[in-house]
Structure formats: C-alpha cells, structure tokens
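These notes concern the structure reproduced below.
The values are calculated or read from the model by the stated rules, or taken from the named source; none is laboratory data. Here the structure is a predicted model, which is why all the values come from computation and not from measurement. Cβ sites come from the backbone with ideal geometry, for glycine too, and all protein chains shown count toward neighbours. Just so you know, the surface numbers come from the protein's heavy atoms only, side chains and all, with ligands and any DNA or RNA stripped out. Shrake-Rupley method; radii C 1.70, N 1.55, O 1.52, S 1.80 Å.
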Amino acid sequence: MKINIPESTLERIVIVGGGFAGLLLAKKLLKANYQVVLIDKNNYHQFQPLFYQVAMAGLEPSSIAFPLRKFFQGSSNVFIRVTEVTAIEYDKKRLQTPLGIVNYNHLVIATGADTNFFGNASLAAKALPMKSVSEALYLRNRILDDYEKTLSITDEAERQGYIDIVIVGGGPTGVEVAGSLAEMRKYILPKDYPEMDCSEIEIILIQSGDQLLKGMSDEAAKKALQFLRKMGVKVILNNRVTAYDGEIVTMKDGTQIRSRKVIWAAGIVGAIFEGFPAEAIGPGNRLKVDNHCQVIGMENVYALGDVALVTGDEKFPEGHPQVAQVAMQMGAYLADAFTRKQKGKAAVAFKYRDLGSMATVGRNKAVVDLPGFKFQGFFAWLVWLFVHLFQLLGVRNKVMVFINWVWNYVTYDQSLRLMIRPFVPKEMKNEE
Ligand SMILES: Cc1cc2nc3c(=O)[nH]c(=O)nc-3n(C[C@H](O)[C@H](O)[C@H](O)COP(=O)(O)OP(=O)(O)OC[C@H]3O[C@@H](n4cnc5c(N)ncnc54)[C@H](O)[C@@H]3O)c2cc1C
C-alpha cells in the first residue's frame, strides 16, 4: 500500500530526517519546482546541543524542539509525513514505512546518528543515552527521583550509589553534562535537600583517551580539564568502561565504581535503515558519499549530515566532524545543487568551511577554537551563549531560552525540577 501523498507532475524529492540538514534543505526548496516530501519519526525538530540543559532541569523540552509543520504553513509543495523509514528498495526507487510505501525520484538521507555502545550489551541495556528529547527528559526524572529516594536510605554504600553519577565520554556533551551537574551540586541541591550532605556527591567523568574534547585544540582540552577539576569533577583519563550491571561500573583496569546512573556520551553511529548495499556503508555506519553528496554507487540517492561520510576531502580523510555546522552546510549545498540542476547549470562540488568549534563547561566558563584564534573563559562563554541562541529555531524558543538563562544566571537556580512522568492507562500497564 502506498502512503497517500498527492500525485504531481513535479519530480519528487523525499527527505528522510527533519534535523539540521534535512530541515534546512526542505526550507530552501520551499519555492523550488519540486514536490518535497519530508519524513521524520517525530513531528518536531530537536536542537541537540541543548539536550543537556533539559536533562539538568535548566530548560523545558518545548524550548529546544520546534514543530516541523510550523515551518511549512501555507506552502503548497512540501508534504510532511510522521513515520519511521524502515528500508529502502533501491531497484524500485521507493521506501518502506509502517504507514506504507513512498516513491521517490530523488532521495535524501538525513537521519543523523544513534548512540554507539560499541556492541556492549550490558551498557546498551543499563546506561543512559542522551540522543533525543525523550531521553533527556528521562534522565532529568531519574536524577531527581534518585535524590528523592536517597533521603530515605540509611545504608551508606547504597546511598552513595544513588547520589554519585558517572559520565562516560569526554567530548563536548560529556564535559557539558559534568559541568552542569557540578553546578547543580554546588548551587541547587544544598538548598533543595538541606538534609543531604552534598559534598558526598561524586561526579565522575571517564574518558578513554589522554585528553578531553578530542578534535579541539590542546589549549581548549587543557582548560576544560582545569575548569572541571576546579569545580570538583573527578576526571579519569586513559581508561574505559567495559561493563555495567545497573549498580557497578567496571573499567578496563578492573576498577569498580558504584553508581545507579551512568550517562553515556561516548560515541555515535550513523542512523541508517535496511537495504543499503555493503559498499555504500563506511566506518561508523555512515553512508559513503562523493563530493556531490551522492551515495557511492546509488544514483539519485544522497546523504547529508551526521549519517554522511564524504570521501575524498584531503583535509578530512576520516570524514567531516559530526556537528550541526557540517549538516547545515550540506543541506544548503544540496538545495543549491537541485536548483542548479533544474536550471541546467553545471554542478559544483561540496566544500566544507570550518567555522570552528566550542564547548561550555559552566557559568562563565567555555572554550572556543576559531580558525586562527583560540580563547577560553568568560568571553568564550558569552560567544557560546550567543551562537547557540542564534542557532535555535523560532523566536519564541529564543526568547524562552534567553529568559531562562538570565533567570538562572541571576538567581543561581532553575525552576524546572518537576518529575512529570508519562501517564500509562491501566489497560496498557496490565499488557506490560
Ligand atoms: C547531546 C548532543 C549535543 C550536541 N552538541 C553539539 C554542539 O554543541 N555543537 C554542534 O555543532 N553539534 C552538536 N551536536 C551534534 C549535532 O546535533 C549533530 O551534528 C546534528 O544534529 C546533525 O544533524 P543531522 O541533520 O545530520 O541529524 P539530526 O539533527 O540528528 O536529525 C536527524 C533526524 O532524522 C530523524 N530520523 C532518524 N532516523 C529516521 C528514520 N528511520 N525515519 C524517519 N526519521 C528518522 C530523527 O528523528 C531526526 O529528526 C550534539 C549532539 C548531541 C546528541
């Protein structure tokens, strides 16, 4: 059965994924002579760089998510379908979804990335990822719930397991989470839980390499480490987590840590579905594309953003970094390429323009690497705030986030520490 999408004389571009790459592409094709079908498993776009602030009760999910339909109100050539693509049938130029079959003339895969547990079943089962708004919210509930439970636990070792938090992965996400947990421990928990000795809470960040923020400069890595240690975060370098049973974290050198919460920020893999030939899939489960973003060996199939691995860029032999800037530049590039094609203009190759990278550690503390200019501290933090606010979609979201940030900065507090759990009807509970 085919999904009901109006038939058109225009060629159909199907975009799978309304993230940074797919959404920008669809927006730029608003007035183009194509029929655009945007498919996403969620009906909203998510701003992943601020997930950690939702998890740390600093922002509401609605401030960092934006309904896809709002972008295309009144447009006559963009059709949105909320469903998950499960497979491609390349020879038939169509996709499979639970809602039915979708035919395409041109297909764009912009599905982003999934959490990589490196095949470790115990970690996949028990560690807490942060790759979606729902996972960030779950994490927020778990942290708050565990602090509530702690108050009634008398056994010291058991209590320690509830209050200590382990973060695995010393990239920007791990650093940001560790920093904001340290600030929560310093400014908020002592006020909310006067019965608890907050100095007992350990925040442990584990990184397999010998420095944090791989891919950023040495200065940025050293400064981030210095910031975190000063904030009381225990940073363990050159070690990796090998197992976790929900209570005990075991590391490669045999060290064990008791913690009921292990936040997994250690790796990602391309989010692809079934049907791609083996030769199209590269390291990290990413789709290999040429410098026109076309998947190797698959005519009229393109990949963008985190899921794409551009081959042949000498400056990035292992592919571009999996960050929002790359995804957006690819989305803008492909929109231009489709328009050029229709106008009969010659195709030009994709070239990534590196605008730099940054990470925040906490209040007044961030690290920024711009091409030819590196700085850390208060000014870097202001730049981080401005760039993230600017990138957020929607005026309402920008205003809400700005107000929250100002409020949190002035009061040293956040007002969102509510544990709101999804309602499950009795009937469904019984089925479980
Ligand atoms: C916690 C976290 C923090 C980050 N911080 C930063 C940062 O500070 N700076 C930075 O530049 N980058 C950051 N990143 C990375 C950045 O978010 C990604 O590089 C960017 O989102 C990639 O864009 P994309 O369009 O490729 O994919 P995404 O933005 O991930 O979008 C993919 C979309 O595809 C949809 N989808 C996936 N599979 C299917 C399917 N089978 N069917 C239908 N829909 C599907 C998803 O629902 C999603 O909407 C962070 C990422 C995370 C997880």
Strictly over 21 Å apart at the Cα level, which of LYS70/LYS92; LYS126/LYS149; LYS131/LYS214 would you flag in this model?
LYS70/LYS92
In deg cm²/dmol and to the nearest 500, what is the mean residue ellipticity at 222 nm of the chain if only DSSP H runs of at least 4 residues count, each as -39500 (n - 2.57), divided by the residue total?
-9500 deg cm²/dmol
About its Cα centre, how strong a charge dipole does the stretch 121-266 have in debye, to the nearest 20, once Lys and Arg get +1 and Asp and Glu get -1 at the Cβ?
500 debye
Provide the descending list of Cα extents for the stretch 121-266 along its principal axes, expressed in whole angstroms.
44, 35, 31
Debye, to nearest 20: dipole size of the chain, +1 on Lys, Arg Cβ, -1 on Asp, Glu Cβ:
1440 debye
Using only the alpha carbons of the chain, determine the length spanned along each of the three principal axes and report them from longest to shortest in whole angstroms.
70, 61, 44
Computed over the stretch 280-432, Cα set: Rg, Dmax in Å
21.4, 61
Carbon and sulfur atoms: what percent of the 1.4 Å accessible area of the chain do they account for?
54 percent
Mean accessible surface per residue for the stretch 121-266, computed with a 1.4 Å probe while every protein chain stays in place, in Å²
44 Å²
Burial ranking of peptide ranges 147-153, 225-231, 16-22 (average Cβ count within 10 Å, highest at the top):
16-22, 225-231, 147-153
Suppose all protein chains stay in the model; what accessible area per residue would a 1.4 Å probe give for the stretch 333-385, in Å²?
52 Å²
Of all DSSP beta bridges in the chain, antiparallel share, percent nearest 5
45 percent
per DSSP, antiparallel bridges as share of beta bridges in the stretch 121-266, % nearest 5, sits at 30 percent
How many angstrom separate the Cα center of the stretch 268-332 from the Cα center of the stretch 343-363?
14 Å
